Amino acid sequence: MHPVLKTVVQRLGLGLVTLFIVSIIIFAAIELLPGDFGEAVLGQAATEDTVAAFRRELGLDKPAVLRYVDWIAGAVQGDLGNSFSGRSSSGVDRSRPVVDLIGPRLWNTMFLASFTAVIAVPLALFLGISAALYRNSIYDRVVNAMTLTTISFPEFFVAYILILVLTSLWPIFPSLSNISPDADLLDRLYRSAMPALTLTLVIVAHMMRMTRAAIINLLASPYIQMARLSGASQREVILKHALPNAWAPIATVIAFNLAYLVVGVVVVEVVFVYPGVGQLMVDAVSSRDIPVVQACALIFAATYIILNLIADIIGIVTNPKLLHPK
Amino acid sequence: MNDILLDIKGLKIQGWSDEKWHPIIKGVDLTLRRGQVMGLIGESGAGKSTLGLAAMGFTQPGCQITDGSIVFDGVDLAKLSDAEKRKYWGNRMTYVAQSAAASFNPAHRLIDQTVASTVRFGISSEAEAKADARTLYGALNLPHADTIGDRYPHQVSGGQLQRVMTAMAMSPRPDLIIFDEPTTALDVTTQVEVLRAMRKIVEEFNTAAIYITHDLAVVAQMADVIKVLRYGQEVEEADTRTMLAAPKEDYTKSLWSVRALQKEERPKQDNILSVKNVSASYGKVPVLHNVSIDVPRGSTVSVVGESGSGKSTVARVITGLLPQRDGVVEYQGMSLPAKLNDRNKDQKKRIQMIYQMADTAMNPRQTVREIIGRPLEFYLGLTGRAKEERVRELLSMIELDDRFIDRLPSELSGGQKQRICIARALAAEPELIICDEVTSALDQIVQEGILKLLMRLQTELNLSYLFITHDISTVRAISDHVVVMQLGRVVEQGTKDAVFQPPHDPYTDLLLSSVPEMDPDWLTNLKLPELT
């Protein structure tokens, strides 16, 4: 087996182990949440017997270990259980499977994340590389200052500024991103343009600055001077000699920001009323809808692990010392 | 006049550091004919690399040409823009750097890098250039000349990389090649191979070259004329034979004389340290095999070998940094605990160490007073006035005056830093000092000063030295006993005379005969012994 393939398989295995450990932590953390779903739904007035019966029905009276095993066994088969909400003390059960609840929301979140990534990643790479190319020029300074400015403001502030400019002063995009499930692609893009734009402004700076730094860091290498002395132009030096050696740190920071797009966008979702998974999780926490919270946390953890795994693999395949061992 | 390829007149270059401009080259003339090889020699800071790069019209970032002309084949490079100069670089003039390992891009295959500029300038097609590169690899005695170019830089050895870089420099068939200390980082046995290959190919294509080095014997093999530089100015220039036989200037003579350092015999005393049948390994990789070395009191034992021979590992075992797997280290007949942590203060005090890189061996935030004062306090319990006086005494022993006491390492020269390290070792009042390549990073004249100081201290304090080095001329200068190591084994040891007089072990023979001599015909006449 090629050593790179072996490393990738190893990393994949380690990723699964990490996910398993994270699932335990998620479960344990939720156990530690104060309050009780039964009491929260039934209210203070409910008798202890009613609460106990309700808990029994939900399976909350079983030992924690058993509940964990049930949950994780289901999760592995794609069954994340039923939501707690929709049940009431009267015994009417209108609860829905967690998968149905999260599914469309997750799809929305992924759509927004991909939309943003498609704009932000190439933009950040272009800005980072060109800033390195024209280092210390006016262009470099302007790009640095602008990206720093956008990252320095809180997300909701950037969002409201954009709303002011792009929906009030020049009404180009809608300020509400309430997407219906049957909207076509163009409509989706149109409606999610504002949150995507906001997120782009928020994440471009980090990726752009790391790209620039990773390249400039390499410019002091003897092989860069050697390339110059063999007649390579500045463009060739950056693109052919520095960039190929800079992919590993760049990939890491891109993975970090993409993960953020999936797991950290709740503020932007709220501002634009975007039906993403972040809002769902916040609502679930406040209503103590444990299966939903657990499922969201598990999905977020898996996102982090997968994206970092991809970054690691990019780091490996762009490193000739690992790709072509002695 | 058409014969003249490069004509530098009144060149001045300055560099920006410490918030002001400093002159680096202070008005140098240089004339090079087609096909001629000029050796540029001088100590570090003499400006030889700056001048070599300036011959291509190139200046390092932070440097600028302030005056003078660099006329290459009728065009003044000093007046051209970077974009115009780029048409010369990698085309009509090429560069061979000191560290080939760092100067190849790790991301590309060797052959692609070899032909990059040749193809860029349309000198030949990619296929032709690659075929030619393989021929050059063969001419440079590279193994597997047909396929070695498909490898990445990390997959071949340093000596091979240096030859690939020479092929790269030769690929566009330039008029001029700048060799910037191309063999300094190599072991002697590898250096001979590379020197031979470079000389052969320069002669074959009648390429003009500037060969920059601080090693006189090396330049004697390569150059037709030698120019000596000091403080950014020319000291003298003459053809190689004249320069070697009769240098005119005192400075040049002083460069020549370093190699004449000699040590007088010392009376034989009892063994202060005995390494007995020691084997050691890093993790599972064995590095020392059954090594035995005796160090008689008051004498210098040199451990000589190439990189990877395990000579520094011996020092790590003796000091307890790397506990041995097998065997014992005896100090005055008593076995020393293998681990440093198991040794008591007295055992630690008696063996001190001086390192190759004085820079990194000192805390940059501590003054000389603190650096030397710390072992005084730790080992001898000196404080206050007594400590202060002892620090001053030690400074005078290493021939530095009191002014240095408040300086930081960054305010010292390379030689002064190494002297402070010596004083720090002496502060513990040791009996044995392990010197690990202590002069390797220093210029020849500074080296001589440090070696003389060490010898004087030895006589005055009856110190014993275990002197680890790869430099045979240093070994000749200072040793009483010599230990030759190869691949973690001692291949030969004995008194200096016994080891340096034939018959030798075959490896010692190869090592000794690989050391360049100050004879311009040495390389031509050299027949290296075959290793079996």
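Being without any contact (Cβ under 8 Å) to a residue 24 or more places away in the chain and of a type in the set (A, V, I, L, M) is the filter here; which residues of segment A:140-158 pass it? Residues satisfying the conditions are A:VAL142, A:ALA145, A:MET146. Here B:ALA361 passes the criteria (1) part of a helix (DSSP H, G or I); (2) among the small types (Gly, Ala, Ser); (3) under 30 Å from B:GLY320 (Cβ atoms) except the one numbered (1). Condition (residue is within 20 Å of B:THR207 (Cβ to Cβ) and open to solvent by less than 70 Å² (accessible area, probe 1.4 Å)) applied to segment B:15-28: is it met by at least one residue? Within segment B:15-28 (the criterion being within 20 Å of B:THR207 (Cβ to Cβ) and open to solvent by less than 70 Å² (accessible area, probe 1.4 Å)), the answer is no, since none of the residues qualifies.
Filtering segment B:107-130 to residues that are facing chain A (nearest Cβ under 10 Å), among the hydrophobic types (A, V, I, L, M, F, W, C) and buried (at least 19 other Cβ atoms within 10 Å of the Cβ) leaves B:ALA107, B:ALA116.
To keep it simple, each residue is scored yes or no on (1) under 30 Å from B:GLY47 (Cβ atoms); (2) open to solvent by less than 10 Å² (accessible area, probe 1.4 Å); (3) more than 28 Å from the chain's Cα centre (by Cα).
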{"site": "B:ILE272", "(1), (2), (3)": "no, yes, yes"}
{"site": "B:SER281", "(1), (2), (3)": "no, no, no"}
{"site": "B:PRO286", "(1), (2), (3)": "no, no, no"}
{"site": "B:ARG297", "(1), (2), (3)": "no, no, yes"}
{"site": "B:SER302", "(1), (2), (3)": "no, yes, no"}
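The listed residues are B:MET56, B:MET38, and the only one of them that is away from chain A (no Cβ under 14 Å) and of a type outside the set (S, T, N, Q) turns out to be B:MET38. From the list A:ILE254, A:ILE310, A:ILE316, A:ILE306, the lone residue that is in a helix (DSSP H, G or I) and within 14 Å of chain B (Cβ to nearest Cβ) is A:ILE316.
May I ask you to verify whether B:GLY68 is buried (at least 17 other Cβ atoms within 10 Å of the Cβ), more than 8 Å from every other protein chain (Cβ to nearest Cβ), in a strand (DSSP E or B) and in contact (Cβ under 8 Å) with a residue 12 or more places away in the chain? Walk me through how you get there before you give the answer.
Values: buried (at least 17 other Cβ atoms within 10 Å of the Cβ): yes; more than 8 Å from every other protein chain (Cβ to nearest Cβ): yes; in a strand (DSSP E or B): yes; in contact (Cβ under 8 Å) with a residue 12 or more places away in the chain: yes.
Answer is yes for this residue.
Can you name every residue in segment B:485-532 that is outside any loop (DSSP other than H, G, I, E, B) and at pLDDT below 80? Hits for segment B:485-532: nothing passes. Being more than 14 Å from every other protein chain (Cβ to nearest Cβ), open to solvent by 20 Å² or more (accessible area, probe 1.4 Å) and touching a helix residue (DSSP H, G or I) at 6+ places or on another chain (Cβ under 7 Å) is the filter here; which residues of segment B:164-199 pass it? Matches in segment B:164-199: B:LEU186, B:VAL188, B:THR189, B:THR190, B:GLU193, B:ARG196, B:ARG199.
Keeping to segment A:190-247, report how many residues are within 11 Å of chain B (Cβ to nearest Cβ), aliphatic (A, V, I, L, M) and open to solvent by 60 Å² or more (accessible area, probe 1.4 Å).
Quick first cut of segment A:190-247, residues within 11 Å of chain B (Cβ to nearest Cβ) only: A:218-234, A:236-237, A:240-247.
Narrowing the set further to residues that are aliphatic (A, V, I, L, M) leaves A:218-220, A:224, A:226-227, A:229, A:232, A:237, A:242-243, A:246.
Filter again for open to solvent by 60 Å² or more (accessible area, probe 1.4 Å), leaving A:220.
Residues meeting the conditions: 1.
Within the bounds of segment B:50-64, is there any residue that is in a strand (DSSP E or B), of a type in the set (Ser, Thr, Tyr) and open to solvent by 20 Å² or more (accessible area, probe 1.4 Å)?
So in segment B:50-64, the residues in a strand (DSSP E or B) come out as B:63-64.
Keeping just the survivors that are of a type in the set (Ser, Thr, Tyr) gives none.
Taking every residue of segment B:50-64 in turn, none turns out to be in a strand (DSSP E or B), of a type in the set (Ser, Thr, Tyr) and open to solvent by 20 Å² or more (accessible area, probe 1.4 Å).
The set of residues in segment B:392-442 that are of a type in the set (S, T, N, Q) and under 29 Å from B:HIS214 (Cβ atoms) comprises B:SER410, B:SER413, B:GLN416, B:GLN418, B:THR439, B:SER440.
Looking at this structure, is B:LEU395 in contact with a Phe, Trp or Tyr (Cβ under 8 Å, 6 or more places away or on another chain) and farther than 27 Å from B:ILE41 by Cα?
Numbers: in contact with a Phe, Trp or Tyr (Cβ under 8 Å, 6 or more places away or on another chain): yes; farther than 27 Å from B:ILE41 by Cα: yes.
Yes, satisfied.
Can you tell me which of (1) part of a loop (DSSP other than H, G, I, E, B); (2) modelled with pLDDT of 90 or more is the one A:TYR274 doesn't meet? Here A:TYR274 meets the rest and fails (2).
The number of residues in segment B:302-316 that are in contact (Cβ under 8 Å) with a residue 40 or more places away in the chain and among the charged types (D, E, K, R) comes to 2. One residue stands out in segment B:88-106 among those that are within 7 Å of chain A (Cβ to nearest Cβ) and assigned to a loop (DSSP other than H, G, I, E, B): the one that is surrounded by the fewest Cβ atoms within 10 Å (Cβ to Cβ), namely B:PRO106. If you filter segment B:134-150 down to residues that are crowded, with 19+ Cβ neighbours inside 10 Å and within 14 Å of chain A (Cβ to nearest Cβ), you find that the one that is farthest from B:GLN113 (Cα to Cα) is B:ILE148.
I need the full set of residues from segment B:292-335 which are more than 26 Å from B:GLN486 (Cβ to Cβ) and of a type outside the set (S, T, N, Q), in order please. Before the answer, list the steps.
Step one: of segment B:292-335, the residues more than 26 Å from B:GLN486 (Cβ to Cβ) are B:297-298, B:331-335.
Result: B:ARG297, B:GLY298, B:TYR331, B:GLY333, B:MET334.
The values are calculated or read from the model by the stated rules, or taken from the named source; none is laboratory data. Quantities reported herein were computed from a predicted structural model and do not represent experimental measurements. No Cβ is skipped: glycine too gets one built from the backbone with ideal geometry, and neighbour counts run over all protein chains shown. Please note that ligands, DNA and RNA were not included when accessible areas were found on the heavy atoms of the full protein model with its side chains. Shrake-Rupley method; radii C 1.70, N 1.55, O 1.52, S 1.80 Å.
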